[in-house]
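Enquirer: One structure follows; several queries about it will come next.
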Amino acid sequence: MTRLRGAGSPVLLCVSGRWWPYVSEIFKRMEPEAAENDPYFTFGVIADVQYADTENGFNYSETRDRYYRNSLHLLRSAIMGWNEEPTTPRFILQLGDLIDGCNSVLKSADEALQTVLSEFAECKSPVHHIWGNHEFYNFDRELLLKSALNTKCLGNEKPPDNMDSSEKTDLDPHDPEGFYGYHFSPFPKFRFILTDAYDLSILGRKKNSRKHHDSMLRLKSKNGNENLNSPRGLTGLNLRFLAFNGGFSQEQLEWLNKILTFSDNNQEKVAIIELYNHSEVPHTSRHLPVHPNSADPMCIPWNYDEILSVLHAHTSIVCFIAGHDHDGGYYLDDHGIHHLTFEGVIETSPESHAFGTIYVCEDRMILKGRGRIPDRVLHYRKT
């Protein structure tokens, strides 16, 4: 049963016996401000749902509650909010860690994944999925490539007609050492690039693979603990050398450089998306943040400096959007790139929210956050 309560503010919505702030009312109040900026399009963002059908638990250091079952309710509320917006978001970015790694122990990974995907099936907007460490706790790459979490079909299968042959960015889908990455243009002169922060990792890769071997050597050269997820003895930026992090292969960095070169030449604005956050004018999405000032050092890629060097060599990047650090973070670097890390749903209390909608305008992006997500204005740098 669904019903409303409260003639004044706030308006509450009852879904399955639980009362929630009526999200569409919030977005109606946002509409006048957004209209003033005349957005080209909007998109939704959510990170670190980490659903599991189990009792609440704690984070690694046992300092923060994790609401495993409630994360599903917050995801459902976010989807309801996006569906009720005056303008339907062009797409949704799911920044990784959709189900928790404890599902592997509970032998419930397939069921948990189907549960959250059933919620996304109610979303009016297409959803782009990033892969985080918790995906790899539950599935290997071969299974993920065959699953609904592989959304490469939403990317640009063919490079633009005006892309030089030396800049072609096609990937071999049958390469066992390949990475999960693609790009798409939802509106003229705007491009989003999804990158793979676990391309180099001991998670998800077959133990006899070259990348697993190289990743293990790199990790053990910096982390001497028997438990490679332990930061004991590590200080400063070396705290990133943990098993639940990863990095970018040279092949992926070259692929990214080619796309950004094309975007530079065509005066596009780019966002990069990923589990970790670092930032860039083309929109980039990923699970790990890449700039050390945008997240805890324990939550950045092993070779964050290498991808930052690629990003800083290009003028097209506007922002780098990531999850992974449940506390969130933000940093505007000295190249004018916004590094935006989204707070995680899993550590959000039942009375709050953790998602947002970004309005893409001519000279800026405007983040309208819900609950733990603060509002932000991301101005494009002047070139």
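Enquirer: Which of His213, Thr195, Gly233 sits farthest toward the positive end of the charge dipole of segment 191-237, with +1 on the Cβ of Lys and Arg and -1 on the Cβ of Asp and Glu?
Expert: Ranked along the dipole, the leading option is His213.
Enquirer: FRET efficiency for Asp363 and Ala313, Cβ-Cβ distance as r, R0 = 22 Å, nearest 0.05?
Expert: On the way: r = 23 Å, r/R0 = 1.06.
The calculated FRET efficiency here is 0.40.
Enquirer: If I ignore ligands, DNA and RNA and count only protein heavy atoms, how much of Lys152 is accessible to a 1.4 Å probe, in Å² to the nearest 10?
Expert: Counting only protein heavy atoms, Lys152 exposes about 50 Å² to solvent.
Enquirer: Starting from the Cα gyration tensor of segment 85-124, take the square roots of the eigenvalues, sort them a ≥ b ≥ c, and report rounded, prolate or oblate (rounded when a/c is under 1.5, otherwise prolate if a/b is larger than b/c, else oblate). Walk me through the intermediate numbers first.
Expert: Numbers: a/c = 4.99, a/b = 2.44, b/c = 2.04.
It is prolate, given that a/c is not under 1.5 and a/b is the larger ratio.
Enquirer: Using a/c under 1.5 as the rounded threshold, could you call segment 305-383 rounded, prolate or oblate? The axes a ≥ b ≥ c are square roots of the C-alpha gyration tensor eigenvalues, and prolate needs a/b larger than b/c, oblate otherwise.
Expert: It comes out oblate by the Cα gyration axes.
Enquirer: Right, another one. Between Ser230 and Glu111, what is 0.36 nm times their sequence separation minus the Cα-Cα distance? Round to one decimal in nm.
Expert: Numbers: separation 119, 0.36 × 119 = 42.84 nm, distance 2.98 nm.
Going from the current span to full extension adds 39.9 nm.
Enquirer: Just grab the label-to-label distance for Lys207 and Asn265, each label 7 Å out from Cα along the Cβ direction, in nm (one decimal).
Expert: Label at Lys207, label at Asn265, 4.6 nm between them.
Enquirer: Further question: Protein chains only, probe 1.4 Å: how do Asp363, Asp53, Asp196, Asp110 rank by accessible area, largest first?
Expert: Numbers: Asp363 75, Asp53 95, Asp196 5, Asp110 115 Å².
The residues order as Asp110, Asp53, Asp363, Asp196, largest area first.
Enquirer: Label segment 190-277 by shape, choosing from rounded, prolate and oblate, from the square roots a ≥ b ≥ c of the eigenvalues of the Cα gyration tensor; if a/c is under 1.5 it is rounded, and otherwise prolate applies when a/b is larger than b/c, oblate when it is not.
Expert: In terms of gyration-tensor shape, prolate.
Enquirer: For labels at Asp38 and Glu177 in the simple 7 Å Cα→Cβ model, what's the distance in nm?
Expert: For the pair Asp38/Glu177, the computed spacing is 5.1 nm.
Enquirer: Express in nm, to one decimal, how much length is gained between Glu251 and Asp140 on full extension, taking 0.36 nm for each residue of separation and deducting their alpha carbon distance.
Expert: Working: separation 111, 0.36 × 111 = 39.96 nm, distance 2.04 nm.
Fully extending the segment from Glu251 to Asp140 adds 37.9 nm.
Enquirer: Could you give the length gained on full extension between Val377 and Met216, defined as 0.36 nm per residue of separation minus the Cα-Cα distance, in nm?
Expert: Working: separation 161, 0.36 × 161 = 57.96 nm, distance 4.00 nm.
Extra length from Val377 to Met216 when fully extended: 54.0 nm.
Enquirer: Identify the trypsin sites (Lys or Arg not before Pro) of segment 45-143 meeting these criteria: DSSP loop state and at most 11 other C-beta atoms within 10 Å of the C-beta. Don't skip to the answer; put the middle values down first.
Expert: Details: sites: Arg64, Arg66, Arg69, Arg76, Arg90, Lys107, Lys124, Arg141; in loops: Arg64, Arg69, Arg90, Lys107, Lys124.
Sites meeting the loop and neighbour criteria: Lys107.
Enquirer: Which loop GluC sites (Glu not before Pro) in segment 51-114, with loop taken from DSSP, have no more than 12 other Cβ atoms within 10 angstrom of their Cβ? All intermediate terms of the calculation are to be shown ahead of the outcome.
Expert: Working: sites: Glu55, Glu62, Glu84, Glu111; in loops: Glu55, Glu62.
Sites meeting the loop and neighbour criteria: Glu55, Glu62.
Enquirer: Round to the nearest 10 and report in Å² the accessible area of Cys153, as given by a 1.4 Å probe over the protein chains' heavy atoms.
Expert: 100
The values are calculated or read from the model by the stated rules, or taken from the named source; none is laboratory data. Values in this document were obtained by computation on a predicted structure and should not be read as measured data. Cβ sites come from the backbone with ideal geometry, for glycine too, and all protein chains shown count toward neighbours. The protein model used for the area step is the full one, side chains on, heavy atoms only, and it has no ligands, DNA or RNA in it. Shrake-Rupley method; radii C 1.70, N 1.55, O 1.52, S 1.80 Å.
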